[in-house]
1. Can you pull out the GluC sites (Glu not before Pro) in the range A:27-127 that DSSP calls coil and that have at most 10 other Cβ atoms within 10 Å?
2. Please compute the average number of Cβ atoms from other chains found within 10 Å of each residue's Cβ in peptide A:34-44.
3. In a GNM of chain A with a 10 Å cut-off on Cα contacts, which of A:Leu71, A:Leu108, A:Leu27 has the highest mean-square fluctuation?
4. Compute the distance in nm between two label points, each set 7 Å from the Cα along the Cα-to-Cβ direction, one at B:Phe170 and one at B:Ala451.
5. Starting from 0.36 nm per residue, how many nanometres of slack lie between B:His280 and B:Thr112 once their C-alpha separation is accounted for?
6. What FRET efficiency do you get for B:Ile231 and B:Asn264 if R0 is 35 Å and r is their Cβ-Cβ distance, rounded to the nearest 0.05?
7. Is there a pair in A:Lys76/A:Lys119; B:Lys370/B:Lys496; A:Lys76/A:Lys100 whose C-alpha atoms are over 26 Å apart, and which pairs would that be?
8. Shielding by partners for B:456-466, please: the mean number of other protein chain Cβ atoms within 10 Å of each residue's Cβ.
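Just so it is clear, none of the values below were taken in a lab; they were calculated from the coordinates. The model shown is predicted, which means the values in this text are computed figures rather than measured ones. When we count neighbours, we look across all protein chains shown, and the Cβ atoms used for this are built from the backbone with ideal geometry, even at glycine.
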Amino acid sequence: MTSMPGQPVTAVVQRIEIQKLRQADNLILGFSIGGGIDQDPGQNPFSKDKTDKGIYVTRITPEGPAHEAGLRMGDKILQVNGWDMTMMTHDQARKRLTKKNEDVVRLLVTRKSLEEAVKQSMGSGPRQEHCGTPSNHKLMH
Amino acid sequence: MDTESTYSGYSYYSGRSRGSHRHGERSRDRHKSRSKDSRSEKSVTINTPPAEPLLGDLAVRGEQVQDDNWGETTTAVTGTSEHSLSQEDIVRITKDLEDSVGLDCRRYFTLTLAVILGLLVFLTPLAFLVLPHLLWPEKLQSCGTACEGLFISVAFKLLILLLAVWALFFRQPRAGLPRVFVFRALLTVLVLLFVVSYWLFYGVRILDSQDENYQGIVQYAVSLVDALLFIHYLAIVLLELRQLQPCFSVCVTRSTDGEMRHYNLGQLSIQRAALAILEHYYCDFPVHNPALLSASKSRAAKHLAGLKVYNVDGEFPAGPAEGPGNNAAAGLAHSQSRAMIAAAARRRDTSHNELYYEEAEHERRVRKRKARLVVAVEEAFTHIKRMQEEEQKKAPGDVMDPREAAQAIFPSMARALQKYLRTTKQQHCHSMESIQQHLAFCITNNMTPKAFLESYLTPGPTLQYSRDHWLARQWTLSSEASVTSGLKDGTVFLLKCVDFSLVVTTKKIPYIQMSEEYIDPKSHKFVLRLQSETSV
């Protein structure tokens, strides 16, 4: 992924739909996020490019809604319910994920293993046209 | 004005015997062993400490001629025997006898020369002023007010010149250097030329023509004194100020144990730099302790004794053989050394193991003895208490002065201290008398036991010990460049004394280019770099 601000970002993404779980008075998703344009990108252990200020998944509660939906630690969140997450402050990202009137969040996430899986399947032959769950998706900004 | 001769610490103590005071109890052995040493001088191996010319020539000659009886007449000299010390004494005494005669002659000669020149210089202006009155008093114009004012000026300037010259040239010299001080000699010549030219002018233009203008003559004398003061100013700059700005960094290494120090010196000649270094040496370097070197010498002896290569066929094939002949001789030597090295490598050498365990053991022993010593001294110090003024008047019972107090508490710590000094091989540096003196000194000045012990726990600079240790020294400066030439980058010279030598290397201090950077006090601003994690 390139890191030039203002340039279109190309990535292999996965769609994940998480149902929020009600716990006492709160709706929780079961993961923690880190990153944001107001944070220090150099301390992010999951990013390939240390100037990447995107939102990353830093922790997943095991057996929580996010884990069951297929979210993994180290994923970068690109969209939440259609809203872009690549140029967000940390607090804005948190607010987008924890809207009280939404029961479900639809995320677009990317991770390193997705790209490699696509490369492998493309390299094994032109016979296979589409390659399972990961879908190619181009994002234009 | 001063030419100084070889440096000898004996200028004030020439009457005393120069023998090794620290080995007083071994003097009997010295006399016995001297006869043995004359035999050993025939073929001497490299591990004898003093490499003085007295022994060196004989050694070189001895090794070139290999007669069949060499096995019978050789005495192997090891580094730890008493013989090596007595050889040093012989060398030292011989050298001192040679040099003490030359020293006095040169010094008196230069002193007389300097005094004569000084008198000439001082009496010249006075002569200029007085001669007209003596030779042609009736023709002379009378001296007006301005002229008499000049008399006062001449008088005071001469007084200042007298004091300044005494301060710069006639004080007690600190050392005797091997060669003439180049700058002083040049200044002497300059002053002489100057005075002679003034006399010439005076003689031709004033004495011969019998000039009546006395004021002009007085002004002439004043100008001479002014010029002499300027020459003195030049002398100060050349002799004192030029060497103050640091220009070279010298590294001084002691050859026996590798102690190294660095000093900054200005632009000096090699002999003056050597003098400055020696003055620093006495203050900074820990005292030379030959007992600490015995361990490495015994190891070296063991290495040498391990493998010997004998050539049973006699001498090498000599003669004018070229080509293959010479190669054979060289090849023989090479193959011998290669064989030795290969054999030494193959042999299982466990000396490193021994060294490691020996050093660990020694360390442990030293620490144990030190612990006992510290406890003994602290306990001894608790027995002594200072009496206050009022108590002194009231109870005149068992009152002691510091010396008696020291003698009273010394026996309780003497044994522990002696054992410790023996373990660290310092026992010859401190005598009982000196220890008791030091103890009395510490008690008088309210020092703690730790302060008393500090001078025994670590070896201090040479000046700390008794006078015999540092007065019995004569230094030889040996250098490839002339000793009156200035220091340059890469100069190397040696300062040899009887027991060891100091190797001095010079490096020029580099030119430093400094630039400035202005920092606005308001420019210190900071941001908070966060990395927060929120669970959703």
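1. Counting only loop positions with at most 10 other Cβ atoms within 10 Å, the GluC sites (Glu not before Pro) in the range A:27-127 are A:Glu63.
2. For this peptide, the per-residue mean of nearby foreign Cβ atoms is 3.
3. Sorting by GNM fluctuation, first place goes to A:Leu27.
4. Those two pseudo-labels are separated by 4.4 nm.
5. Working: separation 168, 0.36 × 168 = 60.48 nm, distance 3.16 nm.
Between B:His280 and B:Thr112, full extension yields 57.3 nm more.
6. Efficiency at R0 = 35 Å is approximately 0.75.
7. Values: A:Lys76/A:Lys119 19 Å; B:Lys370/B:Lys496 35 Å; A:Lys76/A:Lys100 23 Å.
Flagged as over cut-off: B:Lys370/B:Lys496.
8. Average neighbour count from other chains, rounded to a whole number: 0.
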